[in-house]
1. Suppose the chain between Ser110 and Asn33 were pulled fully straight at 0.36 nm per residue; how much longer would it get relative to their current alpha carbon spacing?
2. For region 179-296, restrict the atom set to alpha-carbon positions and state the Rg and Dmax in Å.
3. Using a simple charge model, +1 on the beta-carbon of Lys and Arg, -1 on the beta-carbon of Asp and Glu, nothing else, what dipole does region 166-296 show about its Cα centre, in debye to the nearest 20?
4. Sum -39500 (n - 2.57) across every DSSP H segment of at least 4 residues in the chain, then divide by the residue count to get the 222 nm mean residue ellipticity, nearest 500.
5. Given axes a ≥ b ≥ c from the Cα gyration tensor, I'd like to know whether region 1-149 is rounded (a/c under 1.5), prolate (a/b larger than b/c) or oblate.
6. Only Cα pairs under 8 Å and at least 6 apart count here; give the relative contact order of region 168-296 as a rounded whole percent.
7. Between Rg and the Kirkwood Rh of the chain, both from Cα atoms, what is the Rg to Rh ratio?
8. As I understand it, the dipole of the chain uses +1 on the Cβ of Lys and Arg and -1 on the Cβ of Asp and Glu, about the Cα centre. Which of Pro183, Leu65, Tyr272 lies farthest toward its positive end?
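Values quoted throughout were computed directly from the atomic coordinates according to the rules given, and no laboratory measurement underlies them. Keep in mind that what you see is a predicted model, and the values were worked out from it rather than measured. Here the Cβ positions follow ideal geometry from the backbone for every residue, glycine too, while neighbour counts run over all protein chains shown.
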Amino acid sequence: MKATFIGHMCRQIIIRQADRLLGPYEMVKNLYNPGGHKAGDFDLIADPVTGKGYLYFDADHASLLCMELSDDYLLAEKEAARSYANLRPPFTREAPALFEKDGIEYMLTSGMTGYVPNRSDSAVIDAWDGAFIPIGDPHVNDPLSRLRAERIGVIPQGRSAIDTLTVLENTLLPAKLYGRALPVSDAKQWMEQLGIAHLQDARPAELSGGELRRMAIVRALSQHPDFLFADEPTGDLDDENTHLVLSALRDYAHERNKAVFIVTHESDAMEYADRCFRMDGGQLTDASQGEKSSCF
C-alpha cells in the first residue's frame, strides 16, 4: 500500500505518492482539473461498506461537486451529485468537511474566503453519492460567532467584490446580511476620504485593482469593527493612494479608539503605526525602534 498526498494549488489538484509515509514522494498528477472543473477546497470520503471513494470540492465557485473516484482513488471518474448548486459569491460554499455520526452523513462548509460575513452551513445525506440537504448554520446561537461578526473586520488581500452589486451596495452588504442598519453615511464618508466617491454607482468590473482594494477598505471601515485586520491593504496602490489608505486606517484607530492590525511589506507603513513587529525566519521581533521593515 502506498502513502498518498493530495493537495490543491491555483484551483487545481496535485497528487503525490510514496512507498512509505515519510517519503520521498513522486508526482502522480500535477495541476489536475477533475471533470474539467477548477477545483478549490476539497475533502475525500470512502464508503465504509463498499470502499468506494468520493471527492467533494468547490467547483468553479458555483457549486460543491461530488465525483466518484477510481479504485486506487487517483482519478475522478464521473460526477455523482451537486450540492449548493448555482450559487454566486458570497453565497458559494467552500471548505467541505465530511464525517459520519450515528449513521448520518454530514457536511460542514464555510462561505467564500474574503467575504464578510462568512457564514458556516451544515447539510446531511443518506448516501455519500447523493446531493446534500442543507439544515442551516451550526453556529446560529454561538456567542463567539456573533462576536466575530459584530466586532471583527477583515480587509482581504484578494478580490472580494460581488459583480452584480454597485460599489456602494458592496460596502453595505455585511450590514444588510446581518439585519443591521445600513451605514450609508459612513460608507459615503469613507469613499470620499479614499477618493472613490464618484464610483459609488459603478460596478466592480468598471474599477481598477486599486479602486477595488479601496472599496474593500471602505466596506470594512463602515461596519465599525473594534478589531480590524488588513492583509496588504496597499498592495495595488500608488504612493498617493497608499498615503490616503494608511492615513484612514490610522485615523480610524485613533479617533474611534479601535485596534487596527496591518500585515504589509511596505516599510513606509511604520510611519503611521503605533507599534511595529518584524517577521523573519518564523521569529517575531519588536521593530518599533529598529530599522524600517514589514510591520503590523
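1. 25.5 nm
2. My reading of the Cα-based Rg and Dmax gives 15.0, 46 Å.
3. 600 debye
4. -6500 deg cm²/dmol
5. prolate
6. Worked out over region 168-296, it gives 19 percent.
7. 1.03
8. Pro183
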